[in-house]
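The values are calculated or read from the model by the stated rules, or taken from the named source; none is laboratory data. Treat the numbers as computed from the prediction; the structure is a model and nothing was measured. Please note: Cβ atoms are built from the backbone with ideal geometry, for glycine as well, and neighbour counts cover all protein chains shown.
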């Protein structure tokens, strides 16, 4: 726990997450419970700094080593929550994963009522790169609304609104896909990811969201991935996402 000058260190809880053992929150609980040792010594402070290149970590006496890097795409169904443990006992995205996989975390989120493309990985550096607001990675959604928006209303969505919390929210792009007698499907593009961003814009304009499906992240398309299914990203897909 005494790395040399200038060597990169992270908090102990963060180290457990970076190694693919558990989430940072779960790591904090393990550390406080006295179940984690660093170089043979019990450490109970989650913020204690460790050097992953030099320090040896163990949980309940078992060595924690870096897991193989895993990059997954999931078609998240509606009604499934994007969390590891849900106090209300609702189904989570982890119920859809193969239990033999190392620990992975969602890259960004989709709320319970939303569905579609969700990335999961144990590569925290890659995940941070994908979600970095400065990179403006486009995310495209197909949204069913209980309205028949005209051009003026689409323009208002694009220009943005200030919601009840004082946040300014806008859509990078929006267009009609198809219009029915009582509702319409829109294609919406975002290059930022505020909580419930699209729903908040539509709510502020008095428009009810009926369905919201994320269909792409950068160059990666949801395609024909079945609802609830999970697959590994190909090397080409991984390279395309990383290059954005």
Exclusive hit being part of a strand (DSSP E or B) and either in the same structural domain as residue 113 (by TED's automatic domain parsing) or touching a residue at least 40 places away in the same chain (Cβ under 8 Å) (or both), set 177, 186: 186
Count - residues of region 15-36 that are surrounded by 16 or more Cβ atoms within 10 Å (Cβ to Cβ) and in contact (Cβ under 8 Å) with a residue 24 or more places away in the chain: 12
Near pairs, Cβ below 6 angstrom, 6+ apart or cross-chain, from region 44-66 (closer than 12 Å to residue 16 by Cα) to any residue that is modelled with pLDDT under 90 and not in a loop (DSSP other than H, G, I, E, B): 57/64
Conditions (1) outside the structural domain of residue 97 (by TED's automatic domain parsing); (2) assigned to a helix (DSSP H, G or I); (3) at pLDDT below 95: number failed by residue 154: (3)
Filter pass, residue 51 being farther than 30 Å from residue 236 by Cα, out of contact with any strand residue (DSSP E or B) (no Cβ under 8 Å at 6 or more places or on another chain) and surrounded by fewer than 19 Cβ atoms within 10 Å (Cβ to Cβ): yes
Scan of region 205-226 for residues that are loosely packed, with under 15 Cβ neighbours inside 10 Å and in a loop (DSSP other than H, G, I, E, B), ordered by number: 205, 206, 208, 219, 223, 224, 226
Members of region 227-244 that are surrounded by 14 or more Cβ atoms within 10 Å (Cβ to Cβ) and closer than 16 Å to residue 130 by Cα: 233, 237, 238, 240, 241, 244
Within region 127-153, considering residues that are under 17 Å from residue 190 (Cβ atoms) and without any contact (Cβ under 8 Å) to a residue 24 or more places away in the chain, the one surrounded by the fewest Cβ atoms within 10 Å (Cβ to Cβ): 134
Strands (runs of 3 or more DSSP E) wholly inside region 1-101 that include at least 3 residues being under 20 Å from residue 121 (Cβ atoms) and at pLDDT 90 or above: 71-76
Any hit, region 123-145, residues being part of a loop (DSSP other than H, G, I, E, B) and more than 30 Å from residue 241 (Cα to Cα): no
